[in-house]
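**Student:** Quick one: this structure, given as structure tokens, is what I'll be asking you about.
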Amino acid sequence: MRTAIAFAVVMLVPLTAQAQTTTITITNAPCTNPPPPAEVAPPVTPNVAAGQVAAANRNFALARANFRPLAEQGDADAERAMGQLLMQNCTGLQDKSAAIGWLTKAAEAGNVMAQNQLARAYLLGSGVPQDDAKAFALYSKTAAGGNALGEMEVGYLYFSGRGVARDLYQGLQWTVKAAEQGQAVALGNLARVYLKGEVVARDTDRAAYFLALSNERTTPEQRTELTATSQEIRAAVSVDDLSREAKRAMRWSPGPGSLRGVLSDAEDFRQRGR
């Protein structure tokens with residue numbers, strides 16, 4: 001987990017905010033025995049969606065056979081899929097340098113998911129020299145277009161001062177934008193905001209509320225990233241209060257302006273001279 005003010009950030013590509021593009025689900029868990037990189041003849045009609053299905057079934061050679069011909073023809077979604085496939089460590093195909101090449105092509109063509117994945121590579125130094133400024137620039141581009149993952153990551157980078165001057169209020173604004181789209185980790189980060197009391201007044205009930213909102217939407221991997229925040233909140237809030245806030249959270253619906261109260265809390269906190 002990253003540590004700025006201990007904001008939990010997950011690097012998975014969300015399925016919800018990218019309905020216009022396709023996604024591969026491939027594990028990032030350690031892999032001691034990856035499958036052999038067998039070759040498969042390209043289908044008569046290569047198809048990114050078919051490659052997705054093959055990847056989900058761990059038939060990575062068939063996935064590549066579908067992605068590569070389309071990627072070589074300049075299909076940005078296939079370029080992104082090819083880049084993601086080659087970035088993984090459990091496919092028998094890993095080639096991070098080639099992956100960066102495909103992701104860069106797709107990102108330059110405007111593929112939002114590729115831009116986010118390339119930003120992640122720069123943030124982690126995976127296949128490229130680690131470069132927070134480039135990561136911030138790429139995430140800022142997707143965030144400006146309303147992508148929830150980009151907004152969440154820009155918020156994290158402002159909170160942590162990576163690639164940009166540390167600015168808690170800017171971090172909060174971008175985190176709220178992502179959270180209003182229902183982005184689970186952003187909601188978890190708002191829980192952390194209220195627990196820490198650095199840009200809003202400390203409020204453990206509000207922290208429990210946002211933790212509940214986050215838990216309703218997290219994948220198991222994301223929930224793991226939020227473990228530390230969850231443990232701290234549960235230690236600070238009674239069982240009855242946790243239950244009350246969880247019930248309140250069930251009535252919330254994402255949408256623009258649905259969390260404007262968070263920014264009002266921050267403004268009140270700032271005006272009190274904190």
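The values are calculated or read from the model by the stated rules, or taken from the named source; none is laboratory data. Because the structure is a prediction, the values reported are computed rather than measured. No Cβ is skipped: glycine too gets one built from the backbone with ideal geometry, and neighbour counts run over all protein chains shown.
**Student:** Look at ARG162 and say whether it is in the same structural domain as ALA135 (by TED's automatic domain parsing), out of contact with any Gly (no Cβ under 7 Å at 6 or more places or on another chain) and over 22 Å from GLU267 (Cβ atoms).
**Tutor:** Working: in the same structural domain as ALA135 (by TED's automatic domain parsing): yes; out of contact with any Gly (no Cβ under 7 Å at 6 or more places or on another chain): yes; over 22 Å from GLU267 (Cβ atoms): yes.
Taking the combined requirement at face value, the residue satisfies it.
**Student:** Further question on the same structure: Only one residue in VAL40, VAL10 is modelled with pLDDT under 90, in contact with an Asp or Glu (Cβ under 6 Å, 6 or more places away or on another chain) and assigned to a loop (DSSP other than H, G, I, E, B), so which one is that?
**Tutor:** Details: VAL40 fails: in contact with an Asp or Glu (Cβ under 6 Å, 6 or more places away or on another chain).
Matching residue, one of VAL40, VAL10: VAL10.
**Student:** Residues of segment 200-227 being surrounded by 19 or more Cβ atoms within 10 Å (Cβ to Cβ) and within 27 Å of ASP268 (Cβ to Cβ), which ones?
**Tutor:** VAL200, THR204, ARG206, ALA207, ALA208, TYR209, PHE210, LEU211, ALA212, LEU213, SER214, LEU226, listed by residue number.
**Student:** Enumerate the helices (runs of 4 or more DSSP H) found wholly within segment 141-197, keeping only those where 2 or more residues are among the aromatic types (Phe, Trp, Tyr) and surrounded by 24 or more Cβ atoms within 10 Å (Cβ to Cβ). Show your work before the answer.
**Tutor:** Numbers: elements: 148-160, 168-179, 184-196.
In segment 141-197, the matching helices (runs of 4 or more DSSP H) lie at 148-160.
**Student:** Considering (1) without any contact (Cβ under 8 Å) to a residue 12 or more places away in the chain; (2) within 17 Å of the chain's Cα centre (by Cα), say which one GLU216 fails and leave the rest.
**Tutor:** Condition not satisfied by GLU216: (1).
**Student:** What are the residues in segment 235-257 that are loosely packed, with under 10 Cβ neighbours inside 10 Å and either in contact with a Lys or Arg (Cβ under 6 Å, 6 or more places away or on another chain) or β-branched (Val, Ile, Thr) (or both), if any?
**Tutor:** VAL239
**Student:** Also, quick follow-up: Looking at segment 109-123, is at least one residue among the β-branched types (Val, Ile, Thr), part of a helix (DSSP H, G or I) and closer than 25 Å to ASN189 by Cβ? Before the answer, list the steps.
**Tutor:** Here is the first cut: in segment 109-123, the ones among the β-branched types (Val, Ile, Thr) are 112.
Applying the additional criterion that residues be part of a helix (DSSP H, G or I) yields 112.
Then drop every residue that is not closer than 25 Å to ASN189 by Cβ, which leaves 112.
Looking for residues that are among the β-branched types (Val, Ile, Thr), part of a helix (DSSP H, G or I) and closer than 25 Å to ASN189 by Cβ, one finds at least one in segment 109-123, hence yes.
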